[in-house]
Amino acid sequence: MDSDNRLNVTRHVKTRALSCNQSPRLMPFFGAKPIGKGERVSTNESRIKYLDGFRGVAVLSIVVLHYLIHHLRFTPGSMFAYGQKYLMFLWIGVDAFFVLSGFLIGGILMDQREATNYFSVFYLRRALRIFPPYVLLLACWVLASAVAGVPGMRWLLEPRFSFWPFAFYAQNFVMAAHGSTGPNFVAATWSLAIEEQFYLLFPLMVGCLSPTALPRVVVGGVILAPTLRLALGFLGPQWHEAQVLLLPTRWDSLLLGALVAWSVRRPGWVERLRRNRVALLTLLCASGFLVAGCPGLPDRPGPMLAPLLALAVHLVIAAFFATLLLVLHIGILPRATAILSTGVLRYFGRISYTMYLFHTAVLGLCFALILGIEPNLAKWTHWVVTLFAFGLTVSFAHLSWEWLEARLVRFGHRFGYMRVERNTEDFVKPTPN
């Protein structure tokens, strides 16, 4: 064999150090098409309309809960009181966000797993998307603490929590330890802390695990989370916050979203799922029926029922939203897709991040600075202030998106994912002289 042939056989192909037992000869993860060496992957990641609408429904459900449902007062046992109890279940909008985050972030990571700058681009784009509004919220919280003596501010600022856990997205641990989500100004950030911790962990899972091992680990995580909730439930009601506020007890929602992203990237699976549409729609209806029944569960379940509810409720909700995403993605509910693609819902989806972060703070500040009281709906003037707070929240979120967030997203997309060339010519068999 001459030297040229030997060079062809041993020609080096660069791969990432985290490729973890992946042969350079394998096709890119989940059938992604290879691109030329050093070629920049397109950053034209257009927004999927119905997913923006999905976000819009989720954020509106949470805002309605915090602006209206929490502050209504009805006679116990009345029809209106039962209706309020049912609508208190609008907190499932947070679970919808978790499933959607798992679907979108999981899909991005699976698609870009072969990129040589996989970690750096992912974390850069996440930082540009998440940090600026969050830092602004924390800054406003610190400034508001300076006027804590203003009547009505107590509702926003107490109980007092240290600033530093919030600076490092560790507030959910402190909240679980204290049995409280902390001051209303930043109470909603517990879910953001869970997502940030997921963003640190899941890229490592996708980057290090093989395509066949990843779904097995994800399914294991989905099973582990409700098991942990069940175990904590048997320890007593003092562990309720730990069941709700920690990543290991809530990642079944995120991982089910990621599992949907994995399934729709498998060759031939979308067509197979479409052929089994009856089974999918049956699963969607069954899980939806169970979710609709959850508001009727007892407020204070007994010591044996509480752990079972802790195991099942969030899992059922996550299964419903994951199935809904799957059904929407493969296109077997066109009317639902059309509704979620309407301009109003898509608009609220675009501004949902800042709207979610600031809506409670804006409500409390409006009541404190205008009326000098905590939020409530006892008088018509309170309704006017609530509507004003909603308009102010939407306006602020709109300006934040147009002037800050959208520009930073576009800037982040200037940093494209890069992949190495994968070519069969790099593995030429030796030829005899």
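Inside the stretch 208-248, can you point out the residues that are charged (D, E, K, R) and surrounded by 15 or more Cβ atoms within 10 Å (Cβ to Cβ)?
Selection gives Arg229, Glu241.
Within the bounds of the stretch 249-256, is there any residue that is surrounded by fewer than 23 Cβ atoms within 10 Å (Cβ to Cβ), part of a helix (DSSP H, G or I) and of a type in the set (A, V, I, L, M)?
no
Cβ-Cβ distance below 9 Å, separation of 6 or more or different chains: which pairs start in the stretch 376-392 with a residue that is on the phi > 0 side of the Ramachandran plot and end on one that is modelled with pLDDT of 95 or more and assigned to a loop (DSSP other than H, G, I, E, B)?
From residues that are on the phi > 0 side of the Ramachandran plot, there are no pairs.
Listed residues Ala144, Ala148; which is assigned to a helix (DSSP H, G or I), small (Gly, Ala, Ser) and over 21 Å from Val313 (Cβ atoms)?
Ala144 is the lone residue from the list that is assigned to a helix (DSSP H, G or I), small (Gly, Ala, Ser) and over 21 Å from Val313 (Cβ atoms).
Looking at Leu104, is it in contact with a helix residue (DSSP H, G or I) (Cβ under 6 Å, 6 or more places away or on another chain), closer than 30 Å to Thr323 by Cα, surrounded by 14 or more Cβ atoms within 10 Å (Cβ to Cβ) and among the hydrophobic types (A, V, I, L, M, F, W, C)?
no
Report the residue count in the stretch 257-289 for those that are part of a helix (DSSP H, G or I) and either closer than 13 Å to Ala318 by Cβ or without any contact (Cβ under 8 Å) to a residue 60 or more places away in the chain (or both).
Selection size over the stretch 257-289: 23.
For the stretch 286-344, what are the residues that are small (Gly, Ala, Ser) and within 19 Å of the chain's Cα centre (by Cα)?
Ala318, Ala319, Ala322
Hey, can you tell me all the residues within the stretch 178-200 that are assigned to a helix (DSSP H, G or I) and touching a residue at least 12 places away in the same chain (Cβ under 8 Å)?
His178, Thr189, Trp190, Ser191, Leu192, Ala193, Ile194, Glu195, Glu196, Gln197, Phe198, Tyr199
Just to check your reading of the model, which residue among Leu387, Leu399 is hydrophobic (A, V, I, L, M, F, W, C) and under 18 Å from Asp52 (Cα atoms)?
Leu399
Results for (1) buried (at least 19 other Cβ atoms within 10 Å of the Cβ); (2) out of contact with any Phe, Trp or Tyr (no Cβ under 8 Å at 6 or more places or on another chain), shown as yes or no for each residue.
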site: Arg73; (1), (2): no, yes
site: Phe80; (1), (2): no, no
site: Leu87; (1), (2): no, yes
site: Val94; (1), (2): yes, yes
site: Val150; (1), (2): no, yes
site: Arg154; (1), (2): no, yes
site: Pro165; (1), (2): no, no
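Quick check on my filter: what residues within the stretch 154-176 are more than 23 Å from Pro248 (Cβ to Cβ), in contact with a Gly (Cβ under 8 Å, 6 or more places away or on another chain) and either free of Cβ contacts under 8 Å to residues at least 40 places away in the same chain or aromatic (Phe, Trp, Tyr) (or both)?
Trp155, Pro159
Residue by residue through the stretch 279-296, note down the ones that are closer than 18 Å to Leu311 by Cβ and of a type in the set (A, V, I, L, M).
Ala286, Leu290, Val291
The values are calculated or read from the model by the stated rules, or taken from the named source; none is laboratory data. Bear in mind the structure is a predicted one, so any value in this text is a computation, not a measurement. Cβ atoms come from the backbone with ideal geometry, glycine included; neighbour counts cover every protein chain shown.
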